[in-house]
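Undergrad: Structure below; questions to follow.
Bear in mind these aren't lab numbers, they're just calculated from the coordinates by the rules spelled out. All values derive from a computational prediction rather than experimental measurement. Using ideal geometry, Cβ is built from the backbone for each residue, glycine included, and neighbour counts are taken over all protein chains shown.
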Amino acid sequence: MKKILLSIIFCTLLIPQVSMAADGDPLLSPGNTLTVAMIGAEYTTITLALVAASAGDTILVYPGTYDESLTVPVNNISIVGMGTPLNTTISQVDANVIDFGATTGGRIQNFSILLSAPTTAICAITGSTGNFQVTMCKTTVTCTQNLSQVDQPTIGCLTGAGKLSFILGQAIYDHSGATVTGVKSPFKVVEGGVIQLYNMKNIDINGSGSSNITATAISAGTGYFQISNCNIDVDDDTSTTTVGFGYIGSATSTEDEFVGNVLHVHGDTNNVYGALAFLGSLRSAQNYIHVEVSDHAGGGRAYSFVESGDGVVNSHMDDIVAEDGYTGNINMVSSASDGELTVTGNAKAATYGSDGTVTDAELLYINSLSSNAQTQIDGKQATPTVYAKTSSATLTGTEVSGLNTIHNDGAGGEVVLTWLTRVTGQEAVFYVNDAQHLQIKADSGGKIRIGPVQTAVDGYIRSNVVGSWIRIKAMPDELVVMGYGGIWTYDE
């Protein structure tokens with residue numbers, strides 16, 4: 001056994017131990033190397049190795065289960081599992097597993113970190129004003145206790161303005177205890193702190209029993225989260241509200257960011273949100289967000305984003321499936337529920353000339369988008385119907401059902417096409433095929449909106465520039481231009 005162990009140590013020491021420091025900078029541990037194993041090493045417990053360690057030391061831990069509560073005593077300590085998270089475990093039943101306090105530059109790598117039966121507000125990994133990195137670890141918290149609001153255990157928590165980073169691993173949080181007013185969450189940050197979750201293969205949050213809120217993360221004070229490129233699943237049918245990205249409950253928490261994640265949130269007859277900003281603000285970008293409830297008829301509601309106090313949610317290019325849309329102060333340029341791009345507010349502060357024409361500056365902007373927009377239009381319907389109009393006519397429901405193409409044809413002069421009865425969802429693309437005016441006229445009493453402006457009642461949009469196209473969709477209150485290329489004018 002000693003011969004095998006020494007061989008492993010020898011081979012390991014030939015390989016430079018390179019890591020990333022908690023602040024993201026490359027770190028080479030320049031200190032001594034200490035070894036821990038059940039038998040045959042310098043130390044039989046990680047605690048004894050930590051007591052003996054100096055700043056910059058690396059502690060190599062060989063496979064086994066270590067029932068310890070670790071306190072990191074000095075800066076730049078590296079604790080490295082020499083097996084895998086499957087066979088190298090640090091475990092506690094009802095105590096913090098790792099407390100790095102105010103130390104900086106520390107890290108732990110290649111472990112299972114297990115908190116199996118907490119009865120108070122303890123953490124698998126905690127710190128105050130220091131910084132610490134958890135890399136390629138599987139961290140699990142399992143709780144079955146009925147606890148009060150303040151007594152919720154977590155996987156990672158900060159009690160001060162520190163930084164805690166989880167990179168390339170798994171986080172499993174299973175809380176079946178009843179806590180009617182409590183908030184169940186694996187990650188919690190308070191005044192000034194930041195928790196970072198990067199490239200996590202699996203963040204699995206399962207709640208049952210009861211709770212006020214079950215969420216991935218809770219921020220308070222000026223604390224915030226940065227979560228990027230993670231796979232997250234949140235499932236709680238029994239909480240009042242189940243939340244994906246975070247419960248942002250402080251007006252001073254304004255730096256929360258969620259980028260490039262895959263998020264699934266599931267409930268039953270409760271409220272289920274992709275993210276919730278109660279007072280603070282959060283930014284969401286390029287995430288896939290799927291929010292669903294099993295029993296919508298029974299009262300379950302699935303929202304992408306909810307702002308319910310004095311907060312704000314900024315969503316940029318998220319791909320979202322959420323039956324009930326969003327509510328509150330939401331700034332969105334995303335696919336809100338079904339693949340259609342949703343823009344809240346004005347996409348562009350356009351300026352139009354007094355004669356109703358589009359300015360040159362606007363044309364440059366529009367033309368830069370038109371190629372991509374036309375590609376999307378062509379691809380939306382594989383075999384669209386093409387209608388050629390040689391004279392003025394009233395558009396039929398069949399002609400404007402789907403993205404059919406309608407163009408003028410012949411030398412008969414101006415072709416005026418009138419939208420007879422507007423039905424929400426009707427849609428068509430109009431194309432100028434001949435150098436004569438093609439005019440699209442609103443339904444009786446209706447208007448056509450193009451960007452931030454509208455035509456007059458019974459108004460029109462028209463063009464006589466060959467190659468110009470425009471896509472128009474019927475909405476509940478008006479016809480709306482969804483995209484266009486070329487030059488179009490409208491009546492005021």
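Undergrad: Find the Rg to Rh ratio for the range 404-481, where Rh is the Kirkwood radius over alpha-carbon pairs and Rg uses the same atoms. Before the final figure, lay out each step's value.
TA: Numbers: Rg = 12.0 Å, Rh = 12.5 Å.
Radius of gyration over Kirkwood radius for the range 404-481 works out to 0.96.
Undergrad: Gap in Å between the Cα centre of the range 48-77 and the Cα centre of the range 440-456?
TA: What the calculation gives is 71 Å, centre to centre.
Undergrad: What value in Å³ per residue do you get for the convex hull of the alpha-carbon atoms in the range 42-184?
TA: In the range 42-184, the Cα hull volume divided by residue count equals 92 Å³.
Undergrad: Now for a separate question. Please list the three semi-axes, largest first and in whole Å, of the ellipsoid equivalent to the range 2-343, using sqrt of 5 times the eigenvalues of its alpha carbon gyration tensor. Show your work: numbers first, answer last.
TA: Working: eigenvalues 284, 80, 60 Å².
Taking √(5λ) for each Cα gyration eigenvalue gives 38, 20, 17 Å.
Undergrad: Would you tally the net charge around SER294, using a Cβ to Cβ cut-off of less than 9 Å, leaving SER294 out, and scoring K and R as +1, D and E as -1?
TA: -4
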